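Notes to accompany the following structure.
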Amino acid sequence: MLKFVKHNLEGINGVEIYPIISLVIFFTIFVGYLVYALSYSKEQVKIMSELPFNEN
């Protein structure tokens, strides 16, 4: 299977940059989400954890 894909990709100039770009995009989104999640205060997390049990 890999030889079919590799053969098709050999004709594209600069194709080796695409895995690097996708890794950088993934890493940036992952780190951004991690910073966003860790920036919540404990009070906000407690309020959100109790939401399913509230009647209103």
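The values are calculated or read from the model by the stated rules, or taken from the named source; none is laboratory data. Everything quoted here is computed from the prediction, not taken from an experiment. Note that each Cβ is placed from the backbone with ideal geometry, even for glycine, and that neighbours are counted across all protein chains shown. Please note that ligands, DNA and RNA were not included when accessible areas were found on the heavy atoms of the full protein model with its side chains. Shrake-Rupley method; radii C 1.70, N 1.55, O 1.52, S 1.80 Å.
Consider only pairs whose beta carbons are under 8 Å apart and that are at least six residues apart or on different chains; among these, list those whose first residue lies in the stretch 17-33 and is among the basic types (Lys, Arg) and whose second residue is at pLDDT below 95 and open to solvent by less than 100 Å² (accessible area, probe 1.4 Å).
Going by the 8 Å Cβ cut-off, there are no qualifying pairs.
Do any helices (runs of 4 or more DSSP H) entirely within the chain hold 3 or more residues that are modelled with pLDDT of 90 or more, and if so, which?
So the answer is 17-38, 42-50.
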